[in-house]
Every structure is written in C-alpha cells, then in structure tokens.
Amino acid sequence: MNRMDEGMPFLLRYENVAWYEEGKVRILDRRIYPTEVRFVTCEDYREVVQAIADMVTQSAGPYTAVGMGMALAAWQVRNRGKNEQLAFLRQASHDLAHARPTTANRYGQITGRCVEAAAAALERGENPVEAIVETTVASLNRRYSVMQDVGDHLAALIPSGGTILTQCFGETIIGTVIRAARAQSKDFRVFCAETRPYLQGARLTASCFAQMGFDTTVITDNMAAYAMERKYIGLFTSAADTIALDGHIANKIGTLQLAILAKHFGVPYYVTGIPDRDKQSRDDIAIEMRDPRQVLRYRDIPNTLPEVKAIYPSFDVTPPHLISGIVTDKGVYVPYLLGEYFDRDVKEFY
C-alpha cells in the first residue's frame, strides 16, 4: 500500500505516531519530545486508552493510536471463538473511542471501522489483526490525502515571505502545508505560541517547521498581543478538535484569546479541518476537564506551593464572528455557511 507520509517531519511519519507490531503498540511520547525521543510500549489495549488519556500522544495522534489499539485488542483475543472476539473488540472500540470525550465521535468512526474489518476477516477465515492494521493505515492515508487538500488551500492564503502564528500542534495540517508551500515555491516565517501547559507549540509545532527549514520563532502565550501589535504576524491559523456546523470550533485552551486578539489587531484567523456532521452547534461540544495538577507542575517539577489550586479545561470554544474562514478540503467557508460543506460530495476522512 502506498503511504501518504512521504516527506513529512519526523513526528508525522506513521511509525513515529503509533504503530502495532507483534502484540505491542509503540507510541511516541510527545510529552517529552524533542528533549528525548522515547516510545511508550503498550501490551494491552487498555494501556493505549490510558496513554491517550495521559496525552502521551495528542492532536491527531490518537486517530492512529486507537486503530493500532484495536489491532492489539484483536491480538489479545486471537485464540478465542469468533463471537467472543467480536464482543471483546466492540468493548475495546467503545473504550478507545472514549479515551478523551471531546473527540469521541471522531475516534469512534475509526474504531467502529476496525470492528467491521475484523468481522469481515473472521468471516473469511483471515487474520483480524492484519485486517485492522490495514484498515488503520488506509484511514491514515485518507486523512493525510484529504488534509493535503486543506494544506494546499491554507498555503494559498499565506503571502510569500509572510509570517503566520500557530496555536498548539495541528498535526497533519503542519506537514501538508509544508508540502504545499514547497510545491508552490512559497516560503514564510512561523511564530509558534508555546501553548501551556504541555508546550506543544514550542516542542512539537516548532520542531516540525524548523526541521523542514522554515524560519521559526517561539513566543510565550502572553506575547501574542505584542507580536500582533508590532505587525510581526500576518495570519493566525489553528486546527480544530471539533468544528460544529454553526461555525463554533473547539481547539486547545487559549485559542479563543488568540482569536480575540487577532480580531482586535485586524489579523485574519483561519481554522483548518473537516466539519463534524454530528455537531450541530456549540451545545454539542463537550469540554474535557483534565487533572489540575498538570497545570501546577511540568515534567514532575512543581511550579507552585502545595496549597495553590488550579483548573485545566483542555479546550475552549471560539465563536464564528472571530473566524475569518474555515479551510476545508473543498475550499474556504464562511463559518456561518459551514452547513453548505455537506451539500456537495464528501470524501471519506477517518
């Protein structure tokens, strides 16, 4: 099978996201990259669930991890009867899909397809583990292919020689906009907001752009107004963990405040991604609340006195009036007209 990760940065190569092999799933620990390149090894699908919940992998990484976790689940019950295998896989599908609540609908599409592939393989007397791995790689190829169209449209919006501001780690869109820029012979500078509390912007996004030869600058989250006011930033862009059809989007906590600043300073804000057909409005978006201790410490080093408290909402919701456009594989949509995306044929994404 041809792979769509050719020419991608290290972080976006399939084996460096999550990979199943011989009864184990290996997941790159993005919590410590690039300080250290270390993989977490899972020998039970429930360990994959925990790794996703603990943000060993994040952004679109769990889309790969849940599929590989399903392969591991199939391996765990390889010696049982067909009905017992399928029952186990359905439970694994539910558990993996709900590792993080905000994106459970997207994970569930992948794990559900893995169950279907396993059932078909068992009916044919074939190995369900191999069928699930093939299904997961096919899903990766579809996503990278569709997101290349998104990356092409985003690159077209960036002036050659201009400067963009990113938020968090947009995963696939980072690689595809890099490939698009090269195909269009376009160069631009990148400012990356560090993105507390895990610093994904500083560690992951900045690593990808710098590795691929782009002029890359990291700013702390509270420097964005300074950078916009002094005209360092020409365009602000982020991916989205979910995109409701009324134009509201959920993304890494802190995206809303950057969108407000961009509106104030006249900087266009473009969101990238595919709308969620099952999210009609912001009321359908669940905000994951994470362990506040993750705010109070970084890499196990406390930042505060023991009596200090914290909160950790993982995402915030940005309303459509702050968004200049939502960049999809079909082109750029006004947020208020996003429902029109489904008026035309939709490519299978997950």
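Here Ile32 fulfils each of the conditions (1) free of Cβ contacts under 8 Å to residues at least 60 places away in the same chain; (2) out of contact with any Gly (no Cβ under 9 Å at 6 or more places or on another chain); (3) farther than 25 Å from Thr272 by Cβ apart from (1). Exactly one condition in (1) closer than 22 Å to Arg142 by Cβ; (2) buried (at least 16 other Cβ atoms within 10 Å of the Cβ) is not met by Arg31; state its number. Condition (1) is where Arg31 drops out. Evaluate the following for Ile287: is it part of a loop (DSSP other than H, G, I, E, B) and under 28 Å from Met8 (Cβ atoms)? For Ile287, the condition - part of a loop (DSSP other than H, G, I, E, B) and under 28 Å from Met8 (Cβ atoms) - is not met. There is no residue in the stretch 176-193 that is buried (at least 22 other Cβ atoms within 10 Å of the Cβ), in contact with a Cys (Cβ under 7 Å, 6 or more places away or on another chain), at pLDDT 95 or above and in the same structural domain as Ile243 (by TED's automatic domain parsing). Just one of the listed residues (Val327, Val295) is β-branched (Val, Ile, Thr), outside any helix (DSSP H, G or I) and touching a residue at least 40 places away in the same chain (Cβ under 8 Å), namely Val327.
Within the stretch 246-258, the set of residues being outside any loop (DSSP other than H, G, I, E, B) and either in contact with a Lys or Arg (Cβ under 9 Å, 6 or more places away or on another chain) or over 16 Å from Met223 (Cβ atoms) (or both) comprises Ile249, Ala250, Asn251, Lys252, Leu256.
Sort out which residues of the stretch 231-245 are of a type in the set (A, V, I, L, M) and either assigned to a loop (DSSP other than H, G, I, E, B) or over 18 Å from the mean Cα position of the chain (by Cα) (or both), and write them in order of number.
Ile233, Leu235, Ala239, Ala240, Ala244, Leu245 - these are the residues of the stretch 231-245 that are of a type in the set (A, V, I, L, M) and either assigned to a loop (DSSP other than H, G, I, E, B) or over 18 Å from the mean Cα position of the chain (by Cα) (or both).
Scanning the stretch 210-230 for residues that are of a type in the set (Gly, Ala, Ser) and either touching a residue at least 40 places away in the same chain (Cβ under 8 Å) or closer than 25 Å to Ile253 by Cβ (or both) turns up Ala210, Ala224, Ala225, Ala227. None of Thr195, Thr205 is in a loop (DSSP other than H, G, I, E, B), of a type in the set (Val, Ile, Thr) and touching a residue at least 12 places away in the same chain (Cβ under 8 Å) except Thr195. Annotation: of all residues in the stretch 261-282 being hydrophobic (A, V, I, L, M, F, W, C) and assigned to a loop (DSSP other than H, G, I, E, B), the one that is farthest from Val150 (Cα to Cα) is Val267.
Mind listing whichever residues of the stretch 1-15 are crowded, with 17+ Cβ neighbours inside 10 Å and closer than 20 Å to Val129 by Cα? Passing the criteria: only Tyr14. Restricting attention to the stretch 234-257, which residues are in contact (Cβ under 8 Å) with a residue 60 or more places away in the chain and over 25 Å from Asp149 (Cβ atoms)? Within the stretch 234-257, Ile253, Gly254, Leu256 qualify. Inside the stretch 152-170, residues that are in contact with a helix residue (DSSP H, G or I) (Cβ under 8 Å, 6 or more places away or on another chain), in contact (Cβ under 8 Å) with a residue 40 or more places away in the chain and part of a helix (DSSP H, G or I) make up a count of 1.
Suppose we keep only residues that are surrounded by fewer than 17 Cβ atoms within 10 Å (Cβ to Cβ) and of a type in the set (Asp, Glu) within the stretch 250-305. Which one would you say is farthest from Phe236 (Cα to Cα)? So the residue we want is Asp300. Hey, among the residues in the stretch 142-175 that are out of contact with any Leu (no Cβ under 8 Å at 6 or more places or on another chain) and acidic (Asp, Glu), which one's surrounded by the fewest Cβ atoms within 10 Å (Cβ to Cβ)? That would be Asp149.
The values are calculated or read from the model by the stated rules, or taken from the named source; none is laboratory data. What you see is a predicted model, and the numbers here were worked out from it, not measured in a lab. Reconstructed Cβ throughout: ideal geometry from the backbone, glycine too, with neighbour counts over all protein chains shown.
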